[in-house]
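To start, the structure itself, in structure tokens.
Readers should treat all values here as calculations from the given coordinates under stated rules, not as data from a laboratory. Predicted model only: the values in this text are computed from it and were never measured. So basically every Cβ, Gly included, is an ideal-geometry build from the backbone, and we count neighbours across all protein chains shown.
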Amino acid sequence: MKIIVLLILTLGVLVQNVHSQSNDDILNILVQKNLIAQKEADSIRAEAAISAQANLAKVKAFPINASKKITLAGYTQVRYQALEETGKPDGFDIRRARLDVKGIISPYWAYRVQFDLAGSPKLIDAYVELKVNDYLNFTVGQAKVPFSLENLTSSNKLELIDRSQVVEALVARGKDVGGNQNGRDIGVQLGGTILKLKDRPIVDYRLGIYNGAGINVADNNEKKDYAARLIVHPVLGLDISGALYNGSRFVPATTGTTPTPSRNVDRNRYGFDLNYDLKNLAIRGEYIHGTDEAIDREGYYVQTGYYFFQKKIQAIAKYDFYDANTANPDDASTWVVLGANFNFNANTRLQANYSIKQEEGTSIDNNYASIHLQIGF
């Protein structure tokens, strides 16, 4: 009987534009005519509500009235940190609050504009894409530099709360000498697939030329920075990459007892990374070497994760090493990070991490725990 009534409700939805009765009206009529009991009607209403919520959760895109088709997405990350280091208080913060707009103008042209509204609002991405074919695609504007696996991973897809030390220090992020540019720059990128096997990409490439001055600013010197990345997919689920970055950083003139003129200094990097996914197992790792003027820096990390309970829970462990100056004996630090992710649904995730930090030289009690709630749309 329930199946018949559900079919009647479905028909009612299809013809609701020409029929004034709602689903509740139909159920009430069926009860009045003694075709179903009131208890059955209430049960059908509950099942219909649960089914509607489940279907809504599966929807990945919603139409928006605009002159062209666009996709609006976003996410918010709320973090709590418990810091063991003396003088640093525990507390909550809004890690990110992103609003992401993408649009398709034609089969060849597309665009993206992304903002971060946490803290001081800023423009993160602003670029246009020209997709000529699988082998030749252009990206023009402000976008991620094609260097480092972890840098190219979106913040809402990271398996641990924080990026690795070497990525933060050498890929235009929080501890880079060039400032925190969210791993991005303004320029032109060329990329695509140069080898396929039975429609499966085997070799991809990325080439880019950039200002080198960072995001949301004009260039500050005549020199341009160059990036190149080659990605090989030898078997399904395995990606092996190598990347180069050749650039410079503008240092303004100083005054005082020993004034110095403005100058451009080297900011070069190279790196290798590996990414492997097999069913519930995930393995990541990369090595990066950087030269900032006369200082050589390097670091690497190895990370593994495993999913349980139909990918609802993921356990992760990471070994993270970074040497800020290879010429000095006491500049390296090692982090061991243990984490767990709880995926409530496709748009909601809770992350918990504990970071054990060990520095060469003077030891500091600076381990910390983090809880990270992310919700998106």
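Observations, loosely collected:
- Whole-number percent relative contact order across the chain, with pairs defined as alpha carbons under 8 Å at least 6 apart: 11
- Of all aspartates and glutamates in the structure, the ones whose alpha carbon falls short of 17 Å from that of Lys312, not counting any fewer than 8 places away in one chain, are Glu159, Asp277.
- Cross-linked pairs Lys224/Lys357; Lys88/Lys318; Lys102/Lys357; Lys69/Lys122; Lys175/Lys224; Lys157/Lys224: Cα-Cα separations exceed 29 Å for Lys224/Lys357; Lys102/Lys357; Lys157/Lys224.
- Per-residue ³J(HN,Hα) for region 125-139, Karplus 6.51 cos²θ - 1.76 cosθ + 1.60, θ = phi - 60°, Hz, x for Gly and Pro: 10, 7, 8, 10, 10, 10, 9, 6, 6, 5, 9, 9, 9, 10, 10
- The amide H of Arg96, built 1.01 Å from its N in the peptide plane, has Gln77 as neighbours under 5 Å, considering only residues 5 or more places off or on other chains.
- Alpha-carbon centroid distance for the pair region 207-250 / region 296-361, whole angstrom: 24
- Lys, Arg +1 and Asp, Glu -1 on Cβ, resulting dipole of the chain about Cα centre, debye, nearest 20: 1580
- Those aspartates and glutamates that a straight Cα-Cα span of less than 19 Å connects to Lys33, excepting residues fewer than 8 apart in one chain: Asp24, Asp25, Asp42
- 3J(HN,Hα) along region 156-169, derived from phi through the Karplus expression 6.51 cos²θ - 1.76 cosθ + 1.60 where θ = phi - 60°, amounts to 7, 10, 5, 7, 10, 5, 10, 6, 5, 4, 5, 6, 5, 8 Hz, with x in place of Gly and Pro.
- Using θ = phi - 60° in the Karplus curve 6.51 cos²θ - 1.76 cosθ + 1.60, the 3J(HN,Hα) couplings for region 343-357 round to 9, 5, 7, 5, 10, 10, 9, 10, 10, 10, 10, 10, 10, 9, 10 Hz; x is entered for Gly and Pro.
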